[in-house]
Amino acid sequence: MGAPEPLQSRFGLKPSHGLAADGTETTMDPVNDTETNLESTATAAEQGNVAVATAEASPATVTVTTGKLGARELIAAFEAAQLKSDLPEIYVGDTVRVGVRIREGSKERIQPYEGVVIAKRHGGLNETITVRRIFQGVGVERVFMLHSPQVANIKVERRGKVRRAKLFYLRDRVGKATRVKQRFDR
């Protein structure tokens, strides 16, 4: 009995990585079914030029990094792709108008929600603002994730002059006492 046949000939599979004829390590790209030199990928990773699963012009074209990325780097790259770049500078005390996407059946519309920002929390992809308004005599607060697809747009209507990071004291105030002074220097 001789040596067993290689996997690729017996099952019609190609090895996922191996050595090229010149001795450099290679890996198979499962999308394009082509070999990639790992040394060039490692050089690109050292320079910070690694792209992770990005779709180009056509949806069928996908660039897949064949180098080994850790879980944190993969998550960080995905979150960076999800961040919105067109958000205005928002501060606590500002009066903002948030356009919220609402689906009704097969239709989609944008409903504005205007109020005072009473809190900002978290950072990066998870950044949120709490917006308070008075609707028919009842205080209503909504928390919006700034980078959510449900938030269509945000516009700062006026800047507020406050000396607190959280304006929860506005919950106890009624009528004209809930007003925030306007700031003109920002």
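Below is a table of values for the structure above.
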quantity	calculated
Residue check, V98 of a type in the set (V, I, T), touching a residue at least 24 places away in the same chain (Cβ under 8 Å) and in contact with a Ser or Thr (Cβ under 9 Å, 6 or more places away or on another chain)	no
Residue within the stretch 121-136 that is farther than 25 Å from S85 by Cα and assigned to a loop (DSSP other than H, G, I, E, B) present	yes
Any hit, the stretch 164-184, residues being in a strand (DSSP E or B), touching a residue at least 24 places away in the same chain (Cβ under 8 Å) and under 18 Å from Y113 (Cβ atoms)	no
Output for the stretch 92-105, where each listed residue is in a loop (DSSP other than H, G, I, E, B) and surrounded by fewer than 18 Cβ atoms within 10 Å (Cβ to Cβ)	G105
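The numbers here are math on the coordinates, done by the rules we state, and not lab data. Just so we're clear, the structure is a prediction, and the values are computed from it rather than from any experiment. Ideal geometry is used to build each Cβ from the backbone, glycine not excepted, and the neighbour counts take in all protein chains shown.
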